[in-house]
Structure formats: structure tokens, C-alpha cells
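Participant: This structure is in C-alpha cells; I'll ask about it shortly.
Taken together, the values in this text are just the output of simple stated rules run on the coordinates, not laboratory data. As the structure is a computational prediction, the values presented were derived from the model and not from experiment. Quick reminder, even Gly has a Cβ in these numbers, built from the backbone with ideal geometry, and neighbours come from all protein chains shown.
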Amino acid sequence: MIWLLVLIGLTALGLSLALPVVVKPMLKRLGVIDIPNNRSSHTTTVIRGMGVAVAVAILVALALSLATGLVAVDRSLILVVMGMVAAAATLGWIEDFRGLSVRVRAGAQLLVGAVGTAVLATTIDNSSYWWVPIGAIAVATYINAANFMDGINGISGMHGVVVGLFYSFAGMLSDQSWLTVAGLVVAAAFAGFLPWNLGRGFVFLGDVGSYLLGASIAAIAVTGLLAGVYLEYLLSPVLIYLADTFTTFLRRARRGEHLATAHRQHVYQRLTDTGLSHVQVSVLVSVVSALTGAAGFVAATASAPRAVSASLFAAVVVALYLYSPRIFRALARRRAAAGA
């Protein structure tokens, strides 16, 4: 079945690479563009909404995994993930094309998570309905985290690749083929988007893409948790995104700022202000996410002393990331002083 897994991955990658050829002109005709604002890390108007191509790639590849029999067990779990991903991407497209109020967006995101988790509870274990509010909050939270973190070139595509690969590996370790396939498909689809986001004439995922990314990861994580996958496998690769989002939220709330207004206070945004390029910051975020992911995988199954050490290592990595803008600013000042 390895060759089928490779075929599914190549399908997601190929579609994500090829579909923008068709989607980009369509978005341009529709006027789906991103105009820089106070939160933006770019200065020119750019076509957004390319997440449509990534969404099609993910959904087609997952459907193919069912049609070919690659996922022969727990097929319903793939269907639930597909439903949540499609619903979130559709919501993001509406936001890109027409715009929605904060209240409507939040309500719809919670609804996607609640319905998806309720279906999972029915499918996996009828006694797990108490997970519904938790699943609803988890999905809405990570959709917004992915949306907030989608502010520089490469960061979302790389995040999809890193988390998708970790989830695929978690599926292998847990002997859950649906998770192996779903993680690989997400990784391959977002890998296919990267050349379009990083090359000349670059484009953005838009809300359809960031909602897709957040929902894909959250839907897989909630499904995996209910299916018995170790929490460490699912949580550790996303720690950096969650830490950046929540510490920024708390910092702004403490200052009494209006939380719905645009800003550039996320750690990754402040890193670009130190002189690092978009690609350098995106790689940094991906590397530290991979480090926390690796630590979580060790902590899940290791003996108590090693598990504690791995958890402390992850905590140190998160702390260093949150403090990194100060570190890089200090290094920049030192270089400037040395060159004076």
C-alpha cells in the first residue's frame, strides 16, 4: 500500500502546484485582492484566495484515498475531516469575497467544530458527547490562530508541511491509516502552494486558505484525540502557533487595546522588524515548531525522566521563541555598533 500512499501524496502536491494556473486569473477577475493595512507585513496589493486551489487538492486527494481503498478502516473519520475542512474553507471564501462580521465568523467557526465533533462522538463513542464544546472551541481557536499567523510569505505553507508530516508520522506510530493519509495530504498540498507564495508574482492563501489550514489541523487533531492518539502527538507541533497567538492576545488585552483592530504585534511580525526576511522568519518558526513536535513525540512514550526532560526542552524552545525579537534586536544593535 506504500505506492498508493505515494500516489495520494503526489496527487495533492500536483494539484496544489497546477491549479493556481487556473485559479489566479479567476481571482484577479473577481477582484479578490489583499490591500496592505496596519497588520500587513507587505506593502503592495497582492492577489489572495489561492487557498481555493489548496482546498481542492486536499479534498480530491482525501476522496481518492477512500476510492482506492487506501483507508480501509475508519473511513468515516476521513469523511468527517473532509466535511469540516470544506465547511471552513467555504466560510473563508465568503470572508474573502464579501466579508463577514466578527460575530458571524465566530459563530460559524464554532458551529463547524461543534457539528464535526458531534458526528465524531456518534461515530467513535456515543459517551463522548461532552467533547462537543471542547471540539467547537478547539476548531474555532485554531482557525483564528492560523488566520492571525498568516501574515508573511511562506509561514502558512511551511506550517502545513511541518504539522502535516508530524501528524502523518503519528498515524504510523498509532497504527491509524486515516491519520497517516490525512497528515501526508495536508503536508503535500501546502508544499505545492509554497512556490506560488515565495516566487515572483506571489499570491496569498487568503482567509479561505488560512481557515483551511487551521481547520485541517484542528479537525485532524480533534479526530485523533477522540480516536485515542496521544495528546502529545497532536499538540506539540502546534505549540509555537498557539503560544504566539495567546501571548499576543494577552499582551494587547493587558494594554487595553481594541482586540479586533489590525496590528503587527505577533512575535513573527516583530521578528521581521529586526531585519530578518519573510523566508528567514518562516523557516525559524518552522524549525522551532519541529523541535517542539519532536519533544512531544519523545514525551508521549518515554520513561518518566526522559518525558520530563523532553517537556522542559519544549518549554525552553517556546520561551526562546517568544523572547526572540529582543534577542535579534540586540544582535542587530551589536552588529551596527561593531560596524560604526
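Participant: Taking every eigenvalue of the Cα gyration tensor of segment 237-340, multiplying by 5 and rooting it, what semi-axes result, largest first, whole Å? Don't jump to the answer; show the numbers that get you there.
Facilitator: Numbers: eigenvalues 153, 79, 28 Å².
Its equivalent ellipsoid spans semi-axes of 28, 20, 12 Å.
Participant: How would you rank 13, 184, 111, going from fewest to most other Cβ atoms within 10 Å of each one's own Cβ?
Facilitator: Exposure proxy ranking, most exposed first: 111, 13, 184.
Participant: Of the listed peptides 81-91, 277-287, 214-224, what is their order by residue-averaged count of other C-beta atoms within 10 Å, with the highest listed first? Walk me through the numbers on the way to the answer.
Facilitator: Working: 81-91: 23.0, 277-287: 18.7, 214-224: 28.5.
My ranking of the peptides, most packed first, is 214-224, 81-91, 277-287.
Participant: Another one. Whole number please: convex hull volume per residue of the Cα set in the chain, in Å³?
Facilitator: Values: hull volume 51.1 nm³, N = 340.
It comes to 150 Å³ per residue, whole-number rounded.
Participant: At 7 Å along Cα-to-Cβ for each site, give me the label-to-label distance between residue 33 and residue 254 in nm.
Facilitator: Rounded to a tenth, the inter-label distance reads 4.0 nm.
Participant: Over the chain, what is the relative contact order in whole percent, taking alpha-carbon pairs under 8 Å and six or more residues apart?
Facilitator: Values: 543 pairs, mean separation 73.2, N = 340.
Relative contact order for the chain comes out at 22 percent.
Participant: What does the highest-first list of 321-331, 61-71 look like by mean Cβ count within 10 Å? Working shown, then result.
Facilitator: Values: 321-331: 15.5, 61-71: 19.2.
Going by the mean number of other Cβ atoms within 10 Å, highest first, we get 61-71, 321-331.
Participant: Taking amide H atoms as placed 1.01 Å from N in the peptide plane, list the residues 5 or more away in sequence, or in a different chain, whose amide H sits under 5 Å from that of residue 33.
Facilitator: Hits under the 5 Å cutoff: 48.
Participant: What does the highest-first list of 128-140, 168-180 look like by mean Cβ count within 10 Å?
Facilitator: Values: 128-140: 18.5, 168-180: 20.5.
For the peptides 128-140, 168-180, the packing ranking is 168-180, 128-140.
Participant: Still on this structure, please answer the following. What are the ³J(HN,Hα) couplings of segment 73-87, residue after residue, when phi is run through the Karplus curve with 6.51, -1.76, 1.60 and θ = phi - 60°? Round to Hz, x for glycine and proline.
Facilitator: Karplus values, whole Hz, x for Gly and Pro: 10, 6, 4, 5, 5, 4, 4, 5, 4, 4, x, 5, 5, 5, 5.
Participant: Please give the Cα centre distance for segment 315-340 versus segment 228-306, rounded to the nearest Å.
Facilitator: 17 Å
Participant: Mind listing the phi-derived Karplus ³J(HN,Hα) values for segment 278-290, rounded to whole Hz, using 6.51, -1.76 and 1.60 with θ = phi - 60°, and x for any glycine or proline?
Facilitator: Result, rounded to whole Hz: 4, 5, 4, 5, 4, 5, 4, 4, 5, 5, 5, 5, 5.
Participant: Report the FRET efficiency, 1/(1 + (r/R0)^6), for residue 301 and residue 97, where r is their Cβ-Cβ distance and R0 is 56 Å, rounded to 0.05. Mind dumping the intermediate values first?
Facilitator: On the way: r = 45 Å, r/R0 = 0.81.
It comes to 0.80.
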